[in-house]
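Contents: one structure, followed by commentary.
The values are calculated or read from the model by the stated rules, or taken from the named source; none is laboratory data. All figures in this text were calculated on a predicted structure; none of them were measured in a lab. Please note: Cβ atoms are built from the backbone with ideal geometry, for glycine as well, and neighbour counts cover all protein chains shown. Accessible surface is based on the protein model in full, side chains and every heavy atom, while ligands, DNA and RNA are left aside. Shrake-Rupley method; radii C 1.70, N 1.55, O 1.52, S 1.80 Å.
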Amino acid sequence: TDDCKKQFRSVSDQIFYIANTAAPKIDKAMPGFGISTYAYAERADTPSIPIAPNVHTMVVATAFQSVTTPANLIGRWAKKSKNISVYDYQNIGVWQYDMPFHNLYQQHAYLKYLQRLNIEGLWYETSFSTLASGVQQYFKLKYLCEPYADISQVLESFCRDNFGKAA
């Protein structure tokens, strides 16, 4: 309606208005609880309105959004709210014809970027493909367990453990 267009500048404003309306009611009924929602597709961008402190947003920045680059969008969200996580896609097999693709150094830099932004969590959608996704999963989990490890040594250890003398 015309009234809605005046009140809400974007779909994100509409979604977060609803979340903000429900958030204090949830906190009153169940202190410490809140709402979780996605910043996804047409609602990927940050809203122009404030976000209630008990609203957690999972930002889907690497697919299905045309707002800006994934890194920029995550950065914008990190400035908007301290209560965010990132939902990402890890080399979905049908997207890459089930071929392995992994730039270890780029991935390491991306995870360090998320760490600098104080992102609360990560969620990866992936496939059962060992080559397309399994190797990446190993390195991401290794990083999350040992964030200060030298990435070159992690790669060398992985190759030695999995390929022996062929490493």
Give the angle, between 0 and 90 degrees and rounded to the nearest 10, that separates the Cα long axis of helix 135-145 from the longest principal axis of the Cα atoms of the chain.
70 degrees
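Distance check, please: which entries in 28/82; 28/79; 5/28; 80/112 exceed 24 angstrom between their Cα atoms?
Details: 28/82 21 Å; 28/79 27 Å; 5/28 30 Å; 80/112 20 Å.
Beyond 24 Å between Cα atoms: 28/79; 5/28.
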Candidate residues 88, 150: accessible-area rank, largest first, probe 1.4 Å
150, 88
Under the Karplus curve 6.51 cos²θ - 1.76 cosθ + 1.60, θ = phi - 60°, whole-Hz ³J(HN,Hα) for the range 51-63, x wherever Gly or Pro sits
10, 4, x, 9, 10, 9, 10, 9, 8, 9, 9, 9, 7
Per-residue HN-Hα couplings for the range 158-164 [Karplus 6.51, -1.76, 1.60; θ = phi - 60°; Hz; x = Gly/Pro]:
4, 5, 5, 5, 9, 10, x
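Based solely on its DSSP helices, what 222 nm [θ] is calculated for the chain when runs of n ≥ 4 H residues each add -39,500 (n - 2.57) and the sum is averaged over all residues, nearest 500 deg cm²/dmol? Walk me through the intermediate numbers first.
On the way: 6 runs with 73 residues, N = 167.
Calculated from helices alone, the mean residue ellipticity at 222 nm is -13500 deg cm²/dmol.
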For residue 165, go through the lysines and keep the ones whose alpha-carbon is under 29 Å away, minus same-chain ones fewer than eight residues off.
140, 142
Counting sequence-distant residues (5 or more places) and residues on other chains, those with an amide H built under 5 Å from that of residue 122 are 86
Return the long-range amide H neighbours of residue 58 (sequence gap of 5 or more, or a different chain), with a cut-off of under 5 Å between placed amide H atoms.
37, 38, 39, 85
Using the heavy atoms of the protein chains alone and a 1.4 angstrom probe, what is the accessible area of the chain per residue in square angstrom?
63 Å²
May I ask you to list the chymotrypsin sites (Phe, Trp or Tyr not before Pro) in the range 6-35 that are in a DSSP loop and have at most 14 other Cβ atoms within 10 Å of their Cβ?
33
